[in-house]
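Notes for the one structure printed next.
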Amino acid sequence: WPNYDGDAWVDSQAYASADWGALVQFWTDYNTHLLRVIAQIPEEKIGTICRIGDDPPLTLGELIDSYVDHLEHHLKQVLG
């Protein structure tokens, strides 16, 4: 994922003052939706090249895997 200022992102979204249960529910719902969308991707499209910013191109499959890794990183932060 392109570099981003995570602290600024958290501050601008006011996560510290948000209801924790609502955030968890939103995160769960959003990622459940993404999982449903990903499940609909035809196998022959998984190799489609994606370009994000100035980062090197990667396949759609690699992008999906990278997103899962990114989520696992955040889960570890939350769960300690």
Correct option for Cα Rg over 2.2 N^0.38 Å [calculated from the coordinates] among [x] 1.28; [y] 1.01; [z] 1.17
[x]
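List the relative contact order of the chain as a percent without decimals, with contacts defined as Cα pairs under 8 Å and 6+ residues apart.
Over the chain, the number comes to 26 percent.
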Given charges of +1 on the Cβ of Lys and Arg and -1 on the Cβ of Asp and Glu, with all other atoms neutral, how large is the dipole of the chain about its Cα centre, in debye to the nearest 20?
220
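Where a number appears in this text, it was derived from the coordinates with a stated rule and is not lab data. Predicted model only: the values in this text are computed from it and were never measured. Positions of Cβ are backbone-derived with ideal geometry, glycine not excepted, and every protein chain shown enters the neighbour counts.
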